[in-house]
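Remarks on the structure that follows.
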Amino acid sequence: MSAAHAEGTTVLVAGGGPAGLAAAAELALHGVDCVVIEPRVEVSHRRPRAKTTNARTMEHLRRWGLADGLRAAAPLKVAWSQRVTFCESLTGRRITDFDHAFGLTTERDDRFAEAGQQVPQPVVEEVLRRHIRGRPGVDLRLGHTVTAVRQDADRAVATVRDGQGAAYEIGARWLLGCDGAAGVVREQIGGRFVGRSDPRPNFNVVFRAPTLETDLGPAVQYWVVGAAASGLIGRLDLSGTWWAIMPGVDPDYGIAHASELITGLVGAPVDHEVLASDPWTARLLIADTFRDRRVFLVGESAHVNPPWGGHGFNTCVGDAVNVAWKIAAVEQGWAPPGLLGSYEPERRGVVEQTVASAEANMRNLAGDLPRDEQTIHAAKRTEFYSFGLVLGYSYAGSPVVQPAARPPAVTDVTSYTPAAEPGARLPHEWLPDGSSLYDRLGTGFTLVGPAPGRHPGVAGLVSRARQRRIPLALAEPSASYPWRTEFLLVRPDQHIAWRAADPSDIDLDLVTGASP
Ligand SMILES: Cc1cc2nc3c(=O)[nH]c(=O)nc-3n(C[C@H](O)[C@H](O)[C@H](O)COP(=O)(O)OP(=O)(O)OC[C@H]3O[C@@H](n4cnc5c(N)ncnc54)[C@H](O)[C@@H]3O)c2cc1C
């Protein structure tokens, strides 16, 4: 096939799982064209996998105008339950509860613009698919598969197989490998996973049991501990569809004994129909590189972590946002390609923290825990309360973030203290009119600080940004915002690039990757 006949696009997104769909949503927000290649025509509800959409991902969904839509589509509303319950079985004794787990709350909280939401991954993917299909410049090709990738000086070229088996090529200025752990892009750029797999198998089932009820009350997860069958069980919806995860159960045994295992978790026989099973192994893998020239690895093509804590797909969305706004800045001419060199240094640290946290959570699975409230609370706290990781990760030390005068605070997984250090996520607040400070941010950079007329340096910064064609919005926090006398230059991804008493001190070259 002749490359001369290849189609062209600005960004080729290989893979339309959570990472690829999020990348397309972010590119669409910035008006950058992309083609998304995804083999799965339909999203399967039989393999729900991720159920935790954390507060940070919800904030990104809010930026794309999708947070309310996702909550409406979610079968289990936050108001229905914000609890994880530990028990002897679904029909047995309650051992203890974790309330407001996974960032679930119906209360407004100054720390975040959106609370978490429990929602099966297929529902998230459907909401994202619907959204990007309606965006100008996004071409979602279902039933197509990337088979090879090559690069020359000014573009990457993907070979794609369409639904009928015919091959064609697409040239792109940038290519995002969002094709998951088993995709082709990582190998095509010579990348390789480093890490290990957990030796224990895990067995998931989805089943229908419309008569199954529990006196334990609503919970997003029930952990059954200390019984012959231990594991997790929960509702997928309120009309009788359930999921269960049984750690330590190998696939052959699980398939042959699925009903017995379900009965064990329930604690009594219950009418049910097994709809699907999904064996999996926990892996702790990080690619040795996230980039080769015009090709970036995004999401699980770059890293895989055990699902304990519910960070996997959320971390993938964080990658997608990070690389996509930077590509938009380069394509729109307000940042040089050097900006893209910050993708890997910024995301690798977050990924390493996430993998370490998930690994720690994996040390205490349902079968490892005693029926003891205090031990369970000590062992599982980081799994259900992780705002330190979810909201508190920082890009301090990045080449495009103001060198910190002070080192970043030591990250504690469970607790998040808002901080305005360069690299941190902008401390959120609810404004007096009830709107979020985040809703006042532009899609480019935003200077958050006192009213523009009050400092002469603001006009100078606006003028310097205009000369460089850097989109710059201005936003004023409320009178009670702890940092209201300072100027915070906020990036499109809501992280602080620069903190200054005088906007004249802000180095626009550094934050856009233009510094040598
Ligand atoms: C049991 C379980 C529970 C989990 N729970 C959570 C949770 O609560 N919260 C959480 O955040 N995460 C959770 N995860 C992890 C989450 O499912 C993954 O992190 C997430 O799906 C990764 O997204 P991705 O887009 O990077 O990769 P994938 O979801 O693997 O998507 C990759 C996409 O690329 C496509 N593709 C593959 N090959 C090609 C090719 N050659 N060309 C083009 N496209 C290709 C695939 O069809 C797929 O759609 C869980 C995982 C498991 C196993």
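What follows draws every value from the coordinates through simple rules; no lab data is involved. Since the structure is predicted, the reported quantities are computational estimates derived from the model, not experimental observations. Note that each Cβ is placed from the backbone with ideal geometry, even for glycine, and that neighbours are counted across all protein chains shown.
For a footprinting-style exposure proxy, rank Leu431, Leu27 by other Cβ within 10 Å, fewest first.
Fewest-to-most ranking of Leu431, Leu27: Leu431, Leu27.
If we count other beta carbons within 10 Å of each Cβ, what is the order of Ser277, Ser259, Ser239, fewest first?
Ascending number of Cβ neighbours within 10 Å: Ser239, Ser259, Ser277.
Using the Karplus curve 6.51 cos²θ - 1.76 cosθ + 1.60 with θ = phi - 60°, what ³J(HN,Hα) values do you get for each residue of region 125-131, in whole Hz, with x for Gly and Pro?
Going residue by residue, I get 5, 5, 4, 5, 4, 4, 5 Hz, with x marking Gly and Pro.
Give the residue list of trypsin sites (Lys or Arg not before Pro) in region 261-370 that are DSSP loop and have at most 16 other beta-carbon atoms within 10 angstrom.
Hits after loop and neighbour filter: Arg293, Arg363.
May I ask what percent, to the nearest 5, of DSSP beta bridges between residues of region 388-516 are antiparallel? Could you put the intermediate results ahead of the total?
Values: 9 of 13 bridges.
Once the DSSP bridges in region 388-516 are tallied, antiparallel ones form about 70 percent.
Quick check: residue separation of Ala404 and Thr10 times 0.36 nm, minus the Cα distance between them. What number comes out in nm?
Full extension of this stretch gives 138.4 nm more.
Given Cβ point charges of +1 (Lys, Arg) and -1 (Asp, Glu) and nothing else, what value in debye, to the nearest 20, does the dipole of region 45-164 about its Cα centre take?
360 debye
Under unit Cβ charges (Lys, Arg +1; Asp, Glu -1), what dipole magnitude, rounded to 20 debye, does region 398-516 have relative to its Cα centre?
Details: 11 positive and 12 negative charges, 67 e Å.
Charge dipole of region 398-516: 320 debye, to the nearest 20.
Taking the convex hull of the alpha carbon atoms in the chain, what volume per residue do you get, in Å³?
Values: hull volume 76.7 nm³, N = 516.
Measuring per residue, one finds 149 Å³ for the Cα hull of the chain.
Using the Cα atoms as the points, what is the convex hull volume per residue of region 199-301 in Å³?
So the per-residue Cα hull volume is 143 Å³.
For region 164-254, which GluC sites (Glu not before Pro) are in a loop by DSSP, counting at most 15 other Cβ atoms within 10 Å? All intermediate terms of the calculation are to be shown ahead of the outcome.
Working: sites: Glu169, Glu187, Glu213; in loops: Glu213.
Passing both the DSSP loop test and the Cβ count: Glu213.
Among residues other than Arg293 whose Cβ falls under 13 Å from its Cβ, what is the net charge (Lys/Arg +1, Asp/Glu -1)?
Net local charge, Arg293 excluded: +1.
Can you give the Kirkwood hydrodynamic radius for region 228-288, in Å, rounded to one decimal and based on Cα pairs?
For region 228-288, inverting the mean 1/r across all distinct Cα pairs yields 13.0 Å.
If you take every residue apart from Ser436 with its C-beta less than 12 Å away from the C-beta of Ser436, what net charge results, scoring Lys and Arg +1 and Asp and Glu -1?
Neighbour charge sum, excluding Ser436 itself: -2.
Computed FRET efficiency, Cβ-Cβ of Ser463 and Asp439, R0 25 Å: what is it to the nearest 0.05?
0.45
Of the DSSP beta bridges with both residues in region 21-141, give the percent that are antiparallel, rounding to the nearest 5.
Counting only bridges with both partners in region 21-141, antiparallel ones make up about 65 percent.
Quick check for me: using +1 on Lys/Arg Cβ and -1 on Asp/Glu Cβ, what's the dipole size of the chain about its Cα centre, in debye to the nearest 20?
That gives the chain a dipole magnitude of about 760 debye.
Among the DSSP beta bridges whose two residues both lie in the chain, what percent are antiparallel, rounded to the nearest 5?
Details: 60 of 87 bridges.
In the chain, approximately 70 percent of DSSP beta bridges are antiparallel ones.
Using the scaling law 2.2 N^0.38 Å as the reference, what is the normalised Cα Rg of region 373-516?
So the Cα radius of gyration is 1.16 times the expected 2.2 N^0.38 Å.
Please give the length that would be gained between Ser44 and Leu431 if that part of the chain were fully extended, namely 0.36 nm times their separation in residues minus their C-alpha to C-alpha distance (nm, one decimal). Mind showing how you got there, number by number?
Details: separation 387, 0.36 × 387 = 139.32 nm, distance 4.04 nm.
Once the chain is fully extended between Ser44 and Leu431, it gains 135.3 nm.
Just the Kirkwood number for region 1-113, please: inverse of mean 1/r across all distinct Cα pairs, in Å, one decimal.
Working: mean 1/r = 0.0570 Å⁻¹.
Taking the inverse mean of 1/r over all distinct Cα pairs, region 1-113 comes out at 17.6 Å.
What's the Kirkwood radius of region 291-442 in Å, using all Cα pairs?
Numbers: mean 1/r = 0.0574 Å⁻¹.
17.4 Å is the Kirkwood radius here.
By how many nm would the segment from Ala451 to Arg192 lengthen if fully extended, with 0.36 nm per residue of separation less the alpha-carbon distance?
88.3 nm
Can you pull out the GluC sites (Glu not before Pro) in region 66-130 that DSSP calls coil and that have at most 11 other Cβ atoms within 10 Å? Walk me through the numbers before you get to the answer.
On the way: sites: Glu88, Glu107, Glu114, Glu125, Glu126; in loops: Glu88, Glu107, Glu114.
Of the GluC sites (Glu not before Pro), the ones in loops of region 66-130 whose Cβ has at most 11 other Cβ atoms within 10 Å are Glu107.
Tally Lys and Arg at +1 and Asp and Glu at -1 over the other residues with C-beta under 13 Å from the C-beta of Leu508: what net charge comes out?
With Lys, Arg at +1 and Asp, Glu at -1, the net is +2.
Just want the answer: with Cβ charges of +1 for Lys and Arg and -1 for Asp and Glu, which residue in Leu12, Ile376, Thr446 is farthest toward the dipole's positive end in the chain?
Of the candidates, Thr446 comes out farthest on the positive side.
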